[in-house]
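Asker: This is the structure I want to talk about, given as structure tokens.
The values are calculated or read from the model by the stated rules, or taken from the named source; none is laboratory data. Keep in mind that this is a model prediction, so the values were computed, not measured. For neighbour counting, all protein chains shown are included, and Cβ atoms are generated from backbone atoms with ideal geometry for every residue, glycine included.
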Amino acid sequence: MAKQASHYVCQSCGAVAPKWSGRCESCGAWNAIIEEPPASAAPGGLGRGGRGNRAQKLEFHALDGPAESLPRRTTGIAELDRVCGSGLVAGSAVLIGGDPGIGKSTLLLQAAAGLAGTGAAAGGGTACTYISGEESVDQLRLRANRLGLADAKVRLASATSVRDIAASLDGEAAAGVVIADSIQTLYVDSLDSAPGTVAQVRASAQELIRLAKTRGFTLFLVGHVTKEGVLAGPRVLEHMVDTVLYFEGERGHQFRILRAVKNRFGPTDEIGVFEMTDAGLIEVANPSALFLAERRGAASGVTVFAGIEGTRPLLVEIQALVSASPLATPRRAVVGWDSGRLAMVLAVLEARCGLILAGKDIYLNVVGGLKVSEPAADLAVASALVSAASGTPVPEDIVIFGEIGLSGEVRSVGQTDTRLKEAAKLGFARALVPSQRGRKSADSADGLKVDEIDHLQEMIGRLSGE
């Protein structure tokens, strides 16, 4: 019998190659292909010569049948509960990723302590187990002492073998929440590949998720991220879990953003805002006021954008700087926004409004470490660029939002009323918004004067006072 040859698997996308190469043809990653031994036995088919198990017919149900509401466990951290969809669902699997040192382990330890102490006064809380493959039990205790959580009834363990973890959890009937930190350190002893490979990550996650569905506890999986900011390992891992959370922010900045990109039991694109302190992560109930707390008076190139993150309105300051460039190719530096979208806005300003910025260095920054992705920020970015180029400050009491088309038209965006109410609550007096075509035009909203425009040229006229 011929010996089965080894195969080569990309550790970024999971593609299988017949031989080793420096670059993966599927995802383009360099030095990501690793040789893995063949499986001990090929999976069997469904033919007559199988194990002899008789197939059972499925029972189909109508779509309009009764549906039971899913009970949820609250962690005591309102921002985390918001992102997860008003709490944790029993039997669900949550994958959370982020840069090293961003605060993933700190957040999960605080959540476990909150769950364990939720019903302490009433006679009991949720049984929480924290399993770390990167830190020892003593290191976890040191973190808990630093956070003031030493009295929380959280069970700790340091293990990397999935067989040992499954055997320990299978006998715990009262397990409510289990945290595995991280999935890249766990391994299944039936595979010969090293921990962190595609096969190990996939098999380890599958075993833990199967156990969570069977026993009914909520499973948290901590995942590493690549230098591009995406979760490391196979993409199939994100399809296996019920919820995928990204923990964003800069390590030198105190703000942290927890963003949901997938949630089977709640809304997607929801965010939670935290502030990193010596006592751990503190939730921010009103992020708009926090992001605008350090405004330093009227300055050119500064404007306030009224955005929407998930179901929450969020006001954030956008700064732009335009300066003469000594280089043949001017610089375009962007922090917190899409660089391709900035190039489009600059092209529209030059072609449709006559604003020449070709020989200028342009720097754009979203204050607070927040990453803005919605097209509604186009008009605010354009106003900041016009203000920076002309040296005329944007009025402090105005908020701006709207999408810009290639012909210079300003297009309407969703949830206009929600944005205006948030701006009025924070004391703004005016708003520069797209024209509400086909809808009732409001001259004011909650004391906020609304100024509607149809073209980008009108925005330049409004800001210059013409």
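Asker: Select from segment 370-390 the residues that are touching a Lys or Arg at 6+ places or on another chain (Cβ under 8 Å) and not aliphatic (A, V, I, L, M) and list them in ascending order.
Answerer: If the condition is that a residue be touching a Lys or Arg at 6+ places or on another chain (Cβ under 8 Å) and not aliphatic (A, V, I, L, M), then 375, 378 are the ones that fit.
Asker: Let me ask something else. Based on what the data block shows, is residue 137 at pLDDT 90 or above and either at positive phi or over 27 Å from the mean Cα position of the chain (by Cα) (or both)? Quick ask: steps written out before the conclusion?
Answerer: Values: at pLDDT 90 or above: yes; either at positive phi or over 27 Å from the mean Cα position of the chain (by Cα) (or both): yes.
So residue 137 fits the description; yes.
Asker: In addition: For segment 288-312, give me each residue that is among the charged types (D, E, K, R) and crowded, with 22+ Cβ neighbours inside 10 Å.
Answerer: We begin by selecting, within segment 288-312, every residue among the charged types (D, E, K, R); these are 294-296, 309, 312.
Correct list: empty.
Asker: Please enumerate the residues belonging to segment 298-322 that are part of a loop (DSSP other than H, G, I, E, B), without any contact (Cβ under 8 Å) to a residue 60 or more places away in the chain and touching a Leu at 6+ places or on another chain (Cβ under 8 Å).
Answerer: Hits for segment 298-322: nothing passes.
Asker: Does segment 186-218 hold any residues that are under 16 Å from residue 163 (Cα atoms), within 24 Å of the chain's Cα centre (by Cα) and among the aliphatic types (A, V, I, L, M), and which are they?
Answerer: 186, 201, 205, 208, 209, 212
Asker: Right, another one. For segment 264-283, state whether one or more residues are among the charged types (D, E, K, R), assigned by TED's automatic domain parsing to the domain that holds residue 114 and surrounded by 21 or more Cβ atoms within 10 Å (Cβ to Cβ).
Answerer: The answer is yes; a qualifying residue exists.
Asker: Name, by its number, the condition in (1) at positive phi; (2) out of contact with any Phe, Trp or Tyr (no Cβ under 9 Å at 6 or more places or on another chain); (3) crowded, with 19+ Cβ neighbours inside 10 Å that does not hold for residue 244.
Answerer: Failed condition: (1).
Asker: Here is a further query. Determine whether segment 369-388 contains at least one residue that is modelled with pLDDT under 95 and at positive phi.
Answerer: The answer is yes; a qualifying residue exists.
Asker: Select, from 317, 350, 294, 275, the only residue that is under 28 Å from residue 397 (Cβ atoms) and either of a type in the set (A, V, I, L, M, F, W, C) or out of contact with any strand residue (DSSP E or B) (no Cβ under 7 Å at 6 or more places or on another chain) (or both).
Answerer: When all the criteria are applied, what remains is 294.
Asker: Read through the list (1) on the phi < 0 side of the Ramachandran plot; (2) surrounded by fewer than 24 Cβ atoms within 10 Å (Cβ to Cβ), then give the number of the only condition that residue 391 fails.
Answerer: Answer for residue 391: the failing condition is (1).
Asker: Restricting to segment 313-365, what's the tally of residues that are surrounded by 19 or more Cβ atoms within 10 Å (Cβ to Cβ), under 20 Å from residue 434 (Cα atoms) and among the aliphatic types (A, V, I, L, M)?
Answerer: Residues that pass the stated criteria total 9.
Asker: Enumerate the pairs (first residue in segment 323-343 and aliphatic (A, V, I, L, M); second residue anywhere and in a loop (DSSP other than H, G, I, E, B)) with beta-carbon separation below 8 Å, excluding pairs fewer than 6 apart on the same chain, so at least 6 apart or on different chains.
Answerer: 324/359
Asker: Something else about it: Considering only segment 48-78, state which residues are among the small types (Gly, Ala, Ser), at pLDDT 85 or above and in a loop (DSSP other than H, G, I, E, B).
Answerer: Result: 62, 76.
Asker: For segment 175-185, check the following and say yes or no: at least one residue is at pLDDT 90 or above, closer than 22 Å to residue 99 by Cα and in contact with an Asp or Glu (Cβ under 7 Å, 6 or more places away or on another chain).
Answerer: Scanning segment 175-185 turns up at least one residue that is at pLDDT 90 or above, closer than 22 Å to residue 99 by Cα and in contact with an Asp or Glu (Cβ under 7 Å, 6 or more places away or on another chain).
Asker: I'd like to know if segment 404-416 contains one or more residues that are over 12 Å from residue 318 (Cβ atoms), buried (at least 22 other Cβ atoms within 10 Å of the Cβ) and touching a residue at least 40 places away in the same chain (Cβ under 8 Å).
Answerer: Filtering segment 404-416 down to residues over 12 Å from residue 318 (Cβ atoms) leaves 404-416.
Pick out the ones that are also buried (at least 22 other Cβ atoms within 10 Å of the Cβ) and you get 404, 410, 416.
Then keep just the ones that are touching a residue at least 40 places away in the same chain (Cβ under 8 Å); that gives 404, 410.
Yes.
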